Amino acid sequence: MWGGRFAEGPAAVMREINASIPFDKRLWRQDVAGSRAHVAMLGKQGIVSAEDAATISAGLDQVAADYDANGVAEDLALEDIHMQTEAKLAALIGPVAGRLHTARSRNDQVATDFRLWVRDAIDQVEVALTGFQHALLTRAEEHADSVMPGFTHLQSAQPVTLGHHLMAYYEMVARDRSRFADARARLNRSPLGSAALAGTGFPIDRDATAAALGFDGPTRNSLDGVSDRDFAIEYLTAAAQCALHLSRLAEEFILWASQPFGFVSLSDQWSTGSSIMPQKRNPDAAELVRGHSGRIIGCLTALMITMKGLPLAYSKDMQDDKPPVFEAHDLLGLSIAAMTGMVESAAFRTDRMRSAAEAGFSTATDLADWLVREGGIPFREAHHVTGSAVKRAEELGVALDKLPIADLQAIDARIDATVYDVLSVDASVASRTSFGGTAPARVRAAIAAAREGDGR
């Protein structure tokens, strides 16, 4: 490949460290697509003859068919997917294959291929996240009325509904989808035609190749075109944030599946057993999702550190841009699929959830609000009165709604029997009717709006 410049071939270790074909073979579809668009443009512009362009295009079809049927061989001597494809093309059609590389460099070729791959990856994530949201909506609708404790500091705070809780994750995923969509919009410019770094003197049509590949247009600066990896970092940033959300839900499933909580039973499909303790039912899928999030964050960090000190335009360090993106994409796909399956198949123990909500004085804020609303007293005073009521309930070992009226009136004479209308967990959740609140009616409205927005 190096022509007459080098008298000797590379050392064995140099050949191995230099080759990227073991991982960039994943780009073969994008590489063939980019070459098809490039040669079609070369033919149309008269840079190569129409006959040669047709021969090369037909040869690329054969190469693609062979890759699809047999995979891509890992020939380290050919270094990467670009040289692998060119060599295979030459074996099929002869020396005319050499005209394919006219007016382009591997620098703009790989930048184009990689953008196409990341764009495809985002489209795959979009489909997967839409399916995950649908699973959340379905279970949220099923449990719009199911009462559970809402936590702060992992302490029982106020009662909410399970449907409301699941819809919180729906909102997180909606933001994830928007981040991926934003990244896709920014990456959708074609570097093809930037050549090595300075553009080319051939009369190419960059708009034509950009349109043929589904880009919104060509990149505006050839140096930036070959050296930019913002699109890969943005993809990893969105993937890392998404993985954080998946990990939070995974952690909740892990807690909820434990015996002290007992809020959920994960299906056999998403659980494992123990080699020594036959009673164990381990939430390993959720634990792996939680673990994968750390690896995905590591992928983002790896690429950012690789890029942070590189001068323009291309440096060989940038060959290492693809493994972290490929790894993160694979891990994210597995994590989304696993969490979707767990949400769809989980058996929620709503009886345990309700008991936990009733046991933690979670309606204390409702008592304080009642004192403000009905007694006309400042909230801070109502907070103090309520704290005294909670202390008395603890002493008697009863829930707030079971605290005798005499005890409540001994704390504050302004309390009357109508207070019991707000002290049950059902009354509490039903009262939270503010926009975005946990009232079942609000939860159902949020689900309906979500389904309408997604066209479901």
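Report whether or not A417 is more than 30 Å from A174 (Cα to Cα), free of Cβ contacts under 8 Å to residues at least 24 places away in the same chain and open to solvent by less than 70 Å² (accessible area, probe 1.4 Å).
It is true that A417 is more than 30 Å from A174 (Cα to Cα), free of Cβ contacts under 8 Å to residues at least 24 places away in the same chain and open to solvent by less than 70 Å² (accessible area, probe 1.4 Å).
I'd like to check something: does the range 123-135 contain any residue that is under 17 Å from A196 (Cα atoms), in contact with a Lys or Arg (Cβ under 6 Å, 6 or more places away or on another chain) and not charged (D, E, K, R)?
No, the conditions are met nowhere in the range 123-135.
Take the range 68-86 and flag every residue that is within 23 Å of T200 (Cβ to Cβ) and part of a helix (DSSP H, G or I).
Correct list: I81, H82, M83, T85, E86.
Which residue out of T386, T365, T340 is under 28 Å from T152 (Cα atoms) and touching a strand residue (DSSP E or B) at 6+ places or on another chain (Cβ under 9 Å)?
The unique qualifying residue is T365.
Could you please tell me which pairs satisfy a Cβ distance under 6 Å, a separation of 6+ or placement on different chains, a first residue in the range 209-238 that is more than 15 Å from D113 (Cα to Cα), and a second residue that is of a type in the set (S, T, Y)?
Going by the 6 Å Cβ cut-off, the qualifying pairs are S222/S194.
Specify the residue that is farthest from V118 (Cα to Cα); the eligible residues are those in the range 340-355 that are among the aliphatic types (A, V, I, L, M) and open to solvent by less than 40 Å² (accessible area, probe 1.4 Å).
Once the filter is applied, the top-ranked residue is M353.
Would you say A406 is within 30 Å of F23 (Cβ to Cβ) and either open to solvent by 50 Å² or more (accessible area, probe 1.4 Å) or not β-branched (V, I, T) (or both)?
Answer is no for this residue.
Are there helices (runs of 4 or more DSSP H) fully within the range 189-273 with at least 1 residues that are open to solvent by 30 Å² or more (accessible area, probe 1.4 Å) and touching a Pro at 6+ places or on another chain (Cβ under 6 Å)? List them.
The qualifying helices (runs of 4 or more DSSP H) are 206-212, 230-257.
Scan the range 105-152 residue by residue and report those that are out of contact with any Leu (no Cβ under 6 Å at 6 or more places or on another chain), hydroxyl-bearing (S, T, Y) and not in a helix (DSSP H, G or I).
S105, T152
Could you please let me know if D321 is under 30 Å from H292 (Cβ atoms), in a helix (DSSP H, G or I) and free of Cβ contacts under 8 Å to residues at least 40 places away in the same chain? Before the answer, list the steps.
On the way: under 30 Å from H292 (Cβ atoms): yes; in a helix (DSSP H, G or I): yes; free of Cβ contacts under 8 Å to residues at least 40 places away in the same chain: no.
No, not satisfied.
Can A313 be described as assigned to a loop (DSSP other than H, G, I, E, B), within 30 Å of I122 (Cβ to Cβ) and open to solvent by less than 20 Å² (accessible area, probe 1.4 Å)? Show your work before the answer.
On the way: assigned to a loop (DSSP other than H, G, I, E, B): yes; within 30 Å of I122 (Cβ to Cβ): yes; open to solvent by less than 20 Å² (accessible area, probe 1.4 Å): yes.
Here the answer is yes, as A313 does meet what is asked.
Please verify whether R99 is within 27 Å of R229 (Cα to Cα) and among the basic types (K, R), treating the condition exactly as stated.
So R99 fails the test.
Going by the structure shown, is L129 of a type outside the set (S, T, Y), buried (at least 17 other Cβ atoms within 10 Å of the Cβ) and farther than 25 Å from D321 by Cβ? Let's see the steps before the verdict.
Details: of a type outside the set (S, T, Y): yes; buried (at least 17 other Cβ atoms within 10 Å of the Cβ): yes; farther than 25 Å from D321 by Cβ: no.
No.
So, in the range 55-71, exactly how many residues are open to solvent by 10 Å² or more (accessible area, probe 1.4 Å) and over 12 Å from R99 (Cβ atoms)? Steps first, answer last, please.
Filtering the range 55-71 down to residues open to solvent by 10 Å² or more (accessible area, probe 1.4 Å) leaves 55, 57-58, 61-62, 64-66, 68-71.
Going one step further and asking which of them are over 12 Å from R99 (Cβ atoms), we end up with 58, 61-62, 64-66, 68-71.
Residues in the range 55-71 being open to solvent by 10 Å² or more (accessible area, probe 1.4 Å) and over 12 Å from R99 (Cβ atoms): 10 in total.
How about the range 26-47: which of its residues are of a type in the set (K, R) and open to solvent by less than 60 Å² (accessible area, probe 1.4 Å)?
The answer is none; no residue qualifies.
At least 2 residues that are within 45 Å of the chain's Cα centre (by Cα) and closer than 30 Å to L136 by Cα in each: list the helices (runs of 4 or more DSSP H) lying fully within the range 336-437 that qualify.
350-359, 364-375, 425-431
Here is a yes/no grid of residues against (1) touching a strand residue (DSSP E or B) at 6+ places or on another chain (Cβ under 8 Å); (2) open to solvent by 60 Å² or more (accessible area, probe 1.4 Å); (3) closer than 30 Å to M167 by Cβ:
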residue: D369; (1), (2), (3): no, no, yes
residue: A399; (1), (2), (3): no, no, yes
residue: D426; (1), (2), (3): yes, yes, yes
residue: T433; (1), (2), (3): no, yes, yes
residue: R442; (1), (2), (3): no, yes, yes
residue: I447; (1), (2), (3): no, no, yes
residue: G453; (1), (2), (3): no, yes, yes
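Look at the range 143-182 and say how many of its residues are touching a strand residue (DSSP E or B) at 6+ places or on another chain (Cβ under 8 Å), open to solvent by 60 Å² or more (accessible area, probe 1.4 Å) and of a type outside the set (A, V, I, L, M, F, W, C).
Qualifying residue count, the range 143-182: 2.
Every residue in the range 83-101 that is open to solvent by 10 Å² or more (accessible area, probe 1.4 Å) and either touching a helix residue (DSSP H, G or I) at 6+ places or on another chain (Cβ under 6 Å) or of a type in the set (D, E, K, R) (or both), please.
Scanning the range 83-101 gives Q84, E86, A87, K88, A90, L92, I93, V96, R99.
Among A140, A185, which is in the same structural domain as S247 (by the TED database), at pLDDT 95 or above and open to solvent by 60 Å² or more (accessible area, probe 1.4 Å)?
Checking each option against the conditions leaves just A185.
List the residue pairs whose Cβ atoms are under 8 Å apart, where the first residue sits in the range 339-352 and is touching a residue at least 40 places away in the same chain (Cβ under 8 Å), the second is open to solvent by 80 Å² or more (accessible area, probe 1.4 Å) and not aromatic (F, W, Y), and the two are 6 or more positions apart or on different chains.
What qualifies is G341/Q269; S345/Q269.
Identify all residues within the range 316-339 that are of a type in the set (K, R) and either crowded, with 20+ Cβ neighbours inside 10 Å or not assigned by the TED database to the domain that holds D230 (or both); write none if there are none.
K322
The values are calculated or read from the model by the stated rules, or taken from the named source; none is laboratory data. Owing to the predicted nature of the structure, the values given are computational and were not obtained by experimental measurement. Ideal geometry is used to build each Cβ from the backbone, glycine not excepted, and the neighbour counts take in all protein chains shown. Only protein heavy atoms, including side chains, enter the accessible area calculation; ligands, DNA and RNA are left aside. Shrake-Rupley method; radii C 1.70, N 1.55, O 1.52, S 1.80 Å.
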